[in-house]
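Step one of this worksheet: look at the structure below.
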Amino acid sequence: MLKPGVLPRRIIGEVISRFERKGINIIALKMLKMDKSKAEVHYAEHKGRDFYEKLVVYTVSGPVIAMVLEGDGVISRVRRLTGATDINESTPGTLRGDFAASTRLNIVHASDSAESAGREIALFFKTEEIFTWEDGNARWF
Ligand code: CMP
């Protein structure tokens, strides 16, 4: 999920192109505004943490871009591209290392396991909104 900070920075294309350049398939994509209850479900595991309330406020503050990404080892590949959550740890070259100005106001959320991906995808997409596709060229090269 590209968070609300992405639109005002005008970097949707830049962020998405990093996933594409790494050979990851985008199989679903939409822009939407999350409401408070959806944001609370999405971040339920953080309920009670000192940053939770403000995280929810940020998440509902503007439109987000939700995507389903597919590929071999996609969870770890995407998380390497996004970089560390902690702003002091995220290295240049990663999305958070390049664009996040604070840990809470980072610009992208990536599922941390197949299990959380399944839960999070269901929050945003119906089955018929997800399109697996085959890279025809991959057969030849
Ligand atoms: P995300 O990957 O979306 O998952 C949980 C979010 O909580 C995280 O990105 C940050 O936006 C926020 N977050 C996690 N840890 C902290 C922290 N220590 N301080 C502030 N915000 C945090």
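How do Ser90, Ser113 stack up against each other in accessible area, from largest to smallest, with a 1.4 angstrom probe?
Ranked from most to least accessible, the order is Ser113, Ser90.
At 1.4 Å probe size, with every protein chain present, just tell me what the per residue accessible area of the chain comes to in Å².
Accessible area per residue: 59 Å².
Describe numerically, in nm with one decimal, the distance between label points set 7 Å from Cα along Cα→Cβ at Lys54 and at Ala114.
About 3.7 nm, to one decimal.
Ranked highest first by the average count of other Cβ atoms within 10 Å around their residues, in what order do 5-16, 42-53 fall? If you can, show how the numbers build up before the last one.
Details: 5-16: 14.7, 42-53: 11.9.
Highest mean packing first, the order is 5-16, 42-53.
Considering only protein heavy atoms, with the full assembly of protein chains and a 1.4 angstrom probe, order Val41, Val78 by accessible area, largest first.
Val41, Val78
Please identify the chymotrypsin sites (Phe, Trp or Tyr not before Pro) of region 101-131 that satisfy two criteria: DSSP loop assignment and at most 13 other Cβ atoms within 10 Å. Which are they? Intermediate results must be reported in sequence, preceding the final value.
Numbers: sites: Phe124, Phe125, Phe131; in loops: Phe125, Phe131.
Filter output for region 101-131: Phe131.
Once the dipole of region 18-105 is set up with Lys and Arg at +1 and Asp and Glu at -1 on Cβ about the Cα centre, which of Met31, Ser61, Ile87 lies farthest towards its positive end?
The Cα lying farthest towards the positive end belongs to Met31.
Using only the Cα atoms of region 71-120, what semi-axes does the equivalent ellipsoid have when each is the square root of 5 times a gyration tensor eigenvalue? Give whole Å, largest first.
Semi-axes, largest first: 20, 12, 7 Å.
For the chain, give the percent of accessible area contributed by carbon and sulfur heavy atoms, probe 1.4 Å, rounded to a whole number.
Here carbon and sulfur together make up 54 percent of the probe-accessible area.
Only Lys, Arg, Asp and Glu count, each charged at its Cβ (+1, +1, -1, -1), so figure out the dipole size of region 41-113 about its Cα centre, rounded to 20 debye.
On the way: 8 positive and 9 negative charges, 21 e Å.
For region 41-113, the charge dipole is close to 100 debye.
Using the C-alpha atoms of region 8-130, what convex hull volume per residue, in cubic angstrom, is computed?
109 Å³
Quickly estimate the mean residue ellipticity at 222 nm for the chain, helices only: each DSSP H run with n ≥ 4 gives -39500 (n - 2.57), and the total goes over all residues, rounded to 500.
Theoretical 222 nm ellipticity from helices: -10000 deg cm²/dmol.
The values are calculated or read from the model by the stated rules, or taken from the named source; none is laboratory data. Just so you know, these numbers come straight off a predicted model, no measurement behind them. Virtual Cβ from ideal backbone geometry, glycine too; neighbours counted across all protein chains shown. For accessibility, only protein heavy atoms count, side chains too; no ligands or nucleic acids. Shrake-Rupley method; radii C 1.70, N 1.55, O 1.52, S 1.80 Å.
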